Amino acid sequence: MRAFISLDLEGLPYIVSREHLFVKGALYGEARKIATEVVKTAAEALHEKGFDEVIVADSHGPMVNILPEAMPEYVELVRGFPRPTSMVAFARGSDAALFLGYHAKAGTNRATFDHTYSGASIDRLEINGVEVSEFLLNAYLLGSWGIPVILVGGDRRLIETDVREFTPWAVGVPFKESPSRYAAKSPAMTKIKSMIREGVSRAVGRLEGGEARPLTAEEPVRVKVRFLRSDMADAAELLPFINRIDGKTVEFEAKTVEEAYRVFELLTLAAAGVSAVVTR
Ligand SMILES: [Zn+2]
């Protein structure tokens, strides 16, 4: 059996400062160690439960956060950004997926680093009329490939909202409780590790019991994107199939979830390009 893990940073325990999030940040070394410990613990627990292959997609920022030398032999590590199907690259063919270090969607209160996919460009993302977190976006794409999400470890507010509502079969492991955007309370790392091991055990039990199922979205897919600025919507509108709704909002229809995801990726890259051009 093959398991897939997508790792983000903002929902990991102890990650509260912007200095944790960037390669040149003063606390980036600490963040890398935390990310590596969490992923390694989950991979080991999955291996003990019978998964002989674990694909880990390092999925935050430049996507080179995990320390490769710490990975066990049965892990394959996906690194680097940008890449097609970004946070779920190389998931196809897996039997189950886990999200670690995930955070709540943009605009959520009491949630560390609330944002959706790109804090620099995206204010709101809707799939078929539902406002989604990046967790939910990724879960829909995995679902379209037949892969169920079995565990989500991250910010408590994400687990209480999108995970509970859309993938109630997934085990939630709350790594942090946030009183505000830049603060959180987390258990000790030894406790976090036992929570992950216990969570993986329960999640695999539910998978084997047939409770976990792929999350599906109706196709064709309607996608609505509200950017932070109108120049980003100006760039998006250059694509002939994109409709402009208002200054900051565009919408489009895609044949499949994967097509929707790929176009959305392109729009965020275009928004980053516009930002680079206008601030030069
Ligand atoms: Zn991130």
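Of all residues in the stretch 1-24, those satisfying the criterion of being open to solvent by less than 20 Å² (accessible area, probe 1.4 Å) and either modelled with pLDDT under 95 or within 13 Å of the ligand (Cβ to nearest atom) (or both) are SER6, LEU7, ASP8, LEU9, GLU10, GLY11, LEU12, ILE15, HIS20, LEU21. Residues of the stretch 28-38 include at least one that is in the same structural domain as ALA203 (by TED's automatic domain parsing), in contact with a strand residue (DSSP E or B) (Cβ under 7 Å, 6 or more places away or on another chain) and buried (at least 19 other Cβ atoms within 10 Å of the Cβ).
For GLY119, the test of being small (Gly, Ala, Ser), out of contact with any Cys (no Cβ under 6 Å at 6 or more places or on another chain) and either at positive phi or in the same structural domain as LEU266 (by TED's automatic domain parsing) (or both) is failed. Per the listing ARG206, ARG213, ARG197, the residue uniquely open to solvent by 90 Å² or more (accessible area, probe 1.4 Å), closer than 30 Å to SER94 by Cα and either part of a helix (DSSP H, G or I) or assigned by TED's automatic domain parsing to the domain that holds ALA43 (or both) is ARG197.
Got a number for residues in the stretch 245-280 being within 24 Å of SER144 (Cβ to Cβ) and either open to solvent by 40 Å² or more (accessible area, probe 1.4 Å) or not in a strand (DSSP E or B) (or both)?
Filtering the stretch 245-280 for residues within 24 Å of SER144 (Cβ to Cβ) gives 250-270.
Retained after the next criterion (residues that are either open to solvent by 40 Å² or more (accessible area, probe 1.4 Å) or not in a strand (DSSP E or B) (or both)): 251, 253, 255-270.
Residues meeting the conditions: 18.
Selection of the stretch 107-155 for residues being open to solvent by less than 10 Å² (accessible area, probe 1.4 Å), more than 11 Å from the chain's Cα centre (by Cα) and within 14 Å of the ligand (Cβ to nearest atom) yields ALA111, THR112, PHE113, SER121, ILE122, ASP155.
A single member of PHE175, PHE227 is within 16 Å of ALA104 (Cα to Cα) and of a type in the set (Phe, Trp, Tyr), and it is PHE175.
Of all residues in the stretch 216-244, those being open to solvent by 60 Å² or more (accessible area, probe 1.4 Å) and not in a helix (DSSP H, G or I) number 15. When the stretch 86-106 is limited to residues that are in a loop (DSSP other than H, G, I, E, B) and more than 16 Å from the ligand (Cβ to nearest atom), the one that is surrounded by the fewest Cβ atoms within 10 Å (Cβ to Cβ) turns out to be GLY93. One residue stands out among those in the stretch 50-61 that are buried (at least 18 other Cβ atoms within 10 Å of the Cβ) and more than 13 Å from the ligand (Cβ to nearest atom): the one that is nearest to ILE15 (Cα to Cα), which is VAL56.
Give me the residue from the stretch 62-85 that is free of Cβ contacts under 8 Å to residues at least 40 places away in the same chain and within 11 Å of the ligand (Cβ to nearest atom) and, out of that set, least open to solvent (accessible area, probe 1.4 Å).
Kept after step one, since they are free of Cβ contacts under 8 Å to residues at least 40 places away in the same chain, are these residues of the stretch 62-85: 62-63, 67-81, 83.
Restricting the remaining residues to those that are within 11 Å of the ligand (Cβ to nearest atom) gives 62-63, 81.
Values: PRO62: 50, MET63: 8, PHE81: 108 Å².
By that ranking, first place goes to MET63.
The values are calculated or read from the model by the stated rules, or taken from the named source; none is laboratory data. Since this is a predicted model, take the numbers as computed values, not measurements. Note that each Cβ is placed from the backbone with ideal geometry, even for glycine, and that neighbours are counted across all protein chains shown. Quick note on the areas: whole protein, heavy atoms, side chains included, nothing else; ligands and nucleic acids left out. Shrake-Rupley method; radii C 1.70, N 1.55, O 1.52, S 1.80 Å.
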